[in-house]
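Structure first, then comments.
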Amino acid sequence: MSLPYSEFPVYIGQVGGTTPPNEANGYVPATQLNVSYSTSASARRKLGKSVDSSDQFTFNSPLSADISVSCLLQSGMLSGLDFLLDANQDNFVTMKLGSGIYNKCYVKDVSLSISPFEPVVLSANFVSLDPAVGGGITGNTNFVGIGSSSTTLDTDGLVYGHTCSISDTDDLLGQVQSQINFKRAYTRTPIYGLGSVNASSMLLDGVEEEMSVSSTGLNSLINFSGEKLASQLNVDLKIQGGVGIGTSTPITDLIKFPAGARVLTEAYSAQGGGVVQTTATIKQIKL
């Protein structure tokens, strides 16, 4: 019997915690999940001997488990996205996928896409240093929703592209923004101890962010060193009616580029019967 997606909820636990996530606070409304296991195997060959059919491979690296999650953003989300906070960027989370527990999950990158009249989708890629092994893939039928006993999503509580707003004090962009793509990338180094097969933890080496905005104009064209922001530029994620998603949620200040960030690429195009379309990419190095 096949396992339906409705029995495969995604939970992301508290940062630094090793216990299974709280199902009410850690539930995220995932639209897609991908888990990939891979080993580093090489052929075991010895001079003057045939390959032993029962011992054909050597393994030179630990098991790699990569997890990719895409989810909607809904008002009332509690702790499932705490890993996005700046204070937590060097730590790990424990994830529960269906009924499988994945420990020491470090986020590798986060991206977010904003388009008019479409729900905003956040995607995150993780690597698990202590993934679930052995056994099969089993679901979970007894799960709860976001902070309540209901699993029904409130469509009025979702963040949509047309309900978001961009604060552009410097007037770098045109009056009409049609697409925003945001990405945060983490650079990490695994830490191995003598006699251990798996890494015990990962060091955070760097954090970089970039945002690409498509609009109908540019205030000025960049020069050799781009253009430095003189004041903060941020995107406010809101639900229907222009209501903010909440002051205590991890995504409230997710997209924020302070003074000092730079516009490093610009492009524009025009075609008959249309308007000039422009794209500007803003980058910052947070760590």
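The values are calculated or read from the model by the stated rules, or taken from the named source; none is laboratory data. Here the structure is a predicted model, which is why all the values come from computation and not from measurement. FYI the Cβ positions are ideal-geometry reconstructions off the backbone, even for glycines, and counts take in every protein chain you see.
The number of residues in the range 211-233 being buried (at least 18 other Cβ atoms within 10 Å of the Cβ), at pLDDT 85 or above and closer than 24 Å to Thr252 by Cα comes to 5. Being under 16 Å from the mean Cα position of the chain (by Cα), over 22 Å from Asp130 (Cα atoms) and either free of Cβ contacts under 8 Å to residues at least 60 places away in the same chain or surrounded by 19 or more Cβ atoms within 10 Å (Cβ to Cβ) (or both) is not true of Cys105.
Residues that are modelled with pLDDT of 80 or more, in a strand (DSSP E or B) and surrounded by fewer than 20 Cβ atoms within 10 Å (Cβ to Cβ) do occur in the range 128-147, at least one of them. Look at the range 153-170: where a residue is without any contact (Cβ under 8 Å) to a residue 60 or more places away in the chain and a partner is of a type outside the set (Asp, Glu), sitting 6+ places away or on another chain with Cβ atoms under 7 Å, you get Gly161/Ile114; Gly161/Ser115; Gly161/Pro116; Gly161/Phe117; Gly161/Val120; His162/Pro116; His162/Phe117.
Taking the range 177-207 as the range and being of a type in the set (A, V, I, L, M, F, W, C) and either over 26 Å from Asp86 (Cβ atoms) or part of a strand (DSSP E or B) (or both) as the test, the residues that pass are Ile180, Phe182, Ala185, Ile191, Leu194, Val197, Met202, Leu203, Leu204, Val207. What number goes with the only condition from (1) within 23 Å of the chain's Cα centre (by Cα); (2) loosely packed, with under 13 Cβ neighbours inside 10 Å; (3) of a type in the set (A, V, I, L, M, F, W, C) that Ala261 does not pass? With respect to (1) within 23 Å of the chain's Cα centre (by Cα); (2) loosely packed, with under 13 Cβ neighbours inside 10 Å; (3) of a type in the set (A, V, I, L, M, F, W, C), Ala261 is out only on (2). Asp253 fails exactly one of the following numbered conditions: (1) surrounded by fewer than 18 Cβ atoms within 10 Å (Cβ to Cβ); (2) at pLDDT below 85; (3) touching a strand residue (DSSP E or B) at 6+ places or on another chain (Cβ under 6 Å). What is the number of that condition? Every condition holds for Asp253 apart from (3).
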